[in-house]
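These notes are about the structure you will find just below.
The values are calculated or read from the model by the stated rules, or taken from the named source; none is laboratory data. Since we're looking at a predicted model, the values are computed, not measured. No Cβ is skipped: glycine too gets one built from the backbone with ideal geometry, and neighbour counts run over all protein chains shown. Just the protein is used for accessible areas: all its heavy atoms, side chains included, with ligands, DNA and RNA removed. Shrake-Rupley method; radii C 1.70, N 1.55, O 1.52, S 1.80 Å.
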Amino acid sequence: MRDSDDGWYEVSYTIETIGRYVLHLAAAGEQSHRSPRPLEQSPIPLTISGGRTHPPSCVRVGAVPTARELPGANAGTPYSFTIEARDDFDELRRFGGDPFQVSCSGQGKAKGMAKEWVEDKGDGTYEIHLLPTRAGPYLVAVMLHGEHIAGSRFALNVLASSAHAPSCVA
């Protein structure tokens, strides 16, 4: 605390966790043994929100942050997983709006054989949707502002789908 010598005091402190707080201010007044008296404006509600979304802190839900392999998928079957947006303090963002991008690149015959899109859930989570159309190995990249999230590029092995009798010809 610093006395500005003009009836004002400057107080500074650092909060490292986002959340809602209540700030109680009191003045000790003259030298006495009485308890400090609360200031007229006290208590003051205080909300600390996180910083910008930090891509390396964003994680795939239910996975070890450094896990680089996705559970297997089947060709022609929709596939999805969820990511959590996190800020500079590694706190979950509670709202959406971040322009995450996903790309799915196949190798060999699977090259260029997947559709992908991101669904913003509006609560800090994003559903990553894939539709691989051919079997084979894929790499799935999830990025924000050109920077990968934790674990991205994920390996995804797509298996051939089972035969669909009405589509078979003799």
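So the values come out like this:
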{"item": "Probe 1.4 Å, accessible area per residue of the range 68-159, Å²", "result": "52"}
{"item": "Other-chain or far-sequence residues with amide H under 5 Å of ALA114's (modelled H)", "result": "THR133"}
{"item": "Lys, Arg +1 and Asp, Glu -1 on Cβ, resulting dipole of the range 53-126 about Cα centre, debye, nearest 20", "result": "460"}
{"item": "Heavy-atom accessible surface of the chain: percent carbon and sulfur, 1.4 Å", "result": "53"}
{"item": "Karplus-derived 3J(HN,Hα), 6.51/-1.76/1.60, for each residue of the range 141-153, Hz, glycine and proline x", "result": "9, 10, 9, 9, 6, x, 10, 5, 7, 4, x, 6, 7"}
{"item": "Antiparallel %, DSSP beta bridges [both residues in the chain], to 5", "result": "95"}
{"item": "Efficiency of FRET between LYS121 and LEU25 - r from beta-carbon atoms, R0 45 angstrom, step 0.05", "result": "0.70"}
{"item": "10 Å-binned pair-distance histogram of the chain (Cα, whole percent)", "result": "9, 27, 21, 13, 11, 9, 6, 3, 1, 0, 0"}
{"item": "Amide hydrogen neighbours beyond the local backbone of GLY96, cut-off 5 Å, H modeled", "result": "GLY122, ASP123, GLY124"}
{"item": "Where labels lie 7 Å past Cα in the beta-carbon direction, separation of PHE95 and ILE44 in nm", "result": "2.2"}
{"item": "Dipole magnitude (debye, nearest 20) for the chain, charges at Cβ of Lys, Arg, Asp, Glu", "result": "1100"}
{"item": "Protection-proxy order for peptides 2-13, 57-68, each taking the mean of Cβ atoms within 10 Å per residue, highest first", "result": "57-68, 2-13"}
{"item": "Estimated inter-spin distance, GLU10 and HIS129, nm [label 7 Å along Cα→Cβ]", "result": "5.3"}
{"item": "Geometric extent, Cα atoms of the range 100-164 - Rg, Dmax (angstrom)", "result": "12.8, 41"}
{"item": "At q = 0.15, 0.20, 0.25 Å⁻¹, base-10 log of I(q)/I(0) for the range 39-131 (Debye sum, equal scatterers on each alpha carbon)", "result": "-0.68, -1.02, -1.32"}
{"item": "Relative packing of 18-26, 131-139, 40-48, 76-84, which averages over residues the other C-beta atoms within 10 Å, highest first", "result": "131-139, 76-84, 18-26, 40-48"}
